[in-house]
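**Student:** For reference, the structure I am asking about is given below.
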Amino acid sequence: MSDVVLETKSLVKHFPITQGIVFQTKVGAVRAVDGVDIQLRRGETLGVVGESGCGKSTLAKLLVGLEKPTSGSIMVRGQDMVKLKGNALRRARRNIQMVLQDPYTSLNPRMTVGDIIGEPFEIHPEVVPKRGRQAAVQDLLDTVGLNPDHINRYPHQFSGGQRQRIGIARALALKPEIIVCDEPVSALDVSIQAQVINLLERLQNELGLSYIFIAHDLSVVRHISDRVAVMYLGRVVEEGHDQQIYEQPTHPYTQALLSAVPVPDPRLRGHRDQIVLEGDVPSPANPPSGCRFRTRCWKAQDICSQQDPFLQIRDRSAHPSACHFAEVRDVVRGH
């Protein structure tokens, strides 16, 4: 287990629901993340997928310390980030950085690119001496494929893809080992998405980075990820290597997600098993008893409402799934 750089155990984040204006009373909680266990190994990319509202972005914020967990642990290189405080926490957070989703709102429009990328050096002055910061910023611009001479330009003078490269450069400034990418290409054109994905892969190979890659585009996740965790209503319902998840999905929710992925080969489109889920995603403030997916699942039986399934290997596929009736299903017949 020495190659594990990040691990969460029973990670929970509940946002309280209150009533009243002066005297606020807690009447419930939104269970955004509700017991997530994940591991990330050195040089690996773990893809996290799921519908909007399943808890992906909340998980990302918990990992980098933008949100405090309700309970659970976040171990980074053997240190529990939840328990660290003060200078110890500040030093530990250097090792895990984040690339945000929207390149248009994640950069301060009143700051130059040099100031944006160099801001981490102001917070961690021990990383780069003050007189060497301009050269360090220019090196970072060159690393992500931007002109180092544009250090004094402002964000509005760059395209969306270039702005995301600036965000990546900022994340690299403190030489982290782990980068959390929260849907980093969802706001970009398809052609630009490919360029940014290729950049992330090159940086991973050159710098030995480990990624948590959060996205809702399953094709992008398959391209970049070594392992995939599928989230539904605050929990991981299936986890495995990319080929296991995409070619041998066992959880009904994963099978439904994959059936919605467009098939580029017209010869295979007629062989697709379309799975249409009925109903809406339940509220995370009032999740169903037992299995959280049972209200939309065609396999649901009495046990599903009574017992909450946990991640375990239940089928010949040899990867864990949180379903009482997990079984391999080919999403595209004959493929």
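**Student:** When only residues in region 150-166 that are within 15 Å of residue 118 (Cα to Cα) and not basic (Lys, Arg) count, which is surrounded by the fewest Cβ atoms within 10 Å (Cβ to Cβ)?
**Tutor:** 152
**Student:** Collect the residues in region 136-180 that are under 20 Å from residue 122 (Cβ atoms), touching a Ser or Thr at 6+ places or on another chain (Cβ under 8 Å) and not hydrophobic (A, V, I, L, M, F, W, C), keeping them in residue-number order.
**Tutor:** Hits for region 136-180 are 152, 153, 154, 167.
**Student:** Given the residues 71, 52, which is the only one that is under 30 Å from residue 237 (Cα atoms), under 13 Å from the mean Cα position of the chain (by Cα) and small (Gly, Ala, Ser)?
**Tutor:** Checking each option against the conditions leaves just 52.
**Student:** Confirm whether residue 13 is out of contact with any Leu (no Cβ under 9 Å at 6 or more places or on another chain), of a type in the set (Lys, Arg) and either farther than 27 Å from residue 126 by Cα or part of a loop (DSSP other than H, G, I, E, B) (or both).
**Tutor:** no
**Student:** Using the structure shown, decide if residue 99 is in contact with a Leu (Cβ under 8 Å, 6 or more places away or on another chain), crowded, with 18+ Cβ neighbours inside 10 Å, of a type in the set (A, V, I, L, M, F, W, C) and modelled with pLDDT of 90 or more.
**Tutor:** no
**Student:** Considering only region 154-179, state which residues are within 19 Å of residue 110 (Cα to Cα) and in a loop (DSSP other than H, G, I, E, B).
**Tutor:** The answer is 154, 158, 159.
**Student:** Take region 272-289 and flag every residue that is buried (at least 18 other Cβ atoms within 10 Å of the Cβ) and closer than 18 Å to residue 326 by Cβ.
**Tutor:** 277
**Student:** Moving on to the next point. I'd like to know if region 58-66 contains one or more residues that are within 27 Å of residue 164 (Cα to Cα) and more than 16 Å from the chain's Cα centre (by Cα).
**Tutor:** Within region 58-66, not a single residue is within 27 Å of residue 164 (Cα to Cα) and more than 16 Å from the chain's Cα centre (by Cα).
**Student:** Moving to a separate point now. List pairs: first residue in region 48-66 and hydroxyl-bearing (Ser, Thr, Tyr), second residue surrounded by fewer than 22 Cβ atoms within 10 Å (Cβ to Cβ) anywhere in the structure, Cβ distance under 8 angstrom, at least six positions apart or on different chains.
**Tutor:** 52/216; 57/101; 57/183; 58/67
The values are calculated or read from the model by the stated rules, or taken from the named source; none is laboratory data. Keep in mind it's a predicted model, so treat the numbers as computed, not measured. Please note: Cβ atoms are built from the backbone with ideal geometry, for glycine as well, and neighbour counts cover all protein chains shown.
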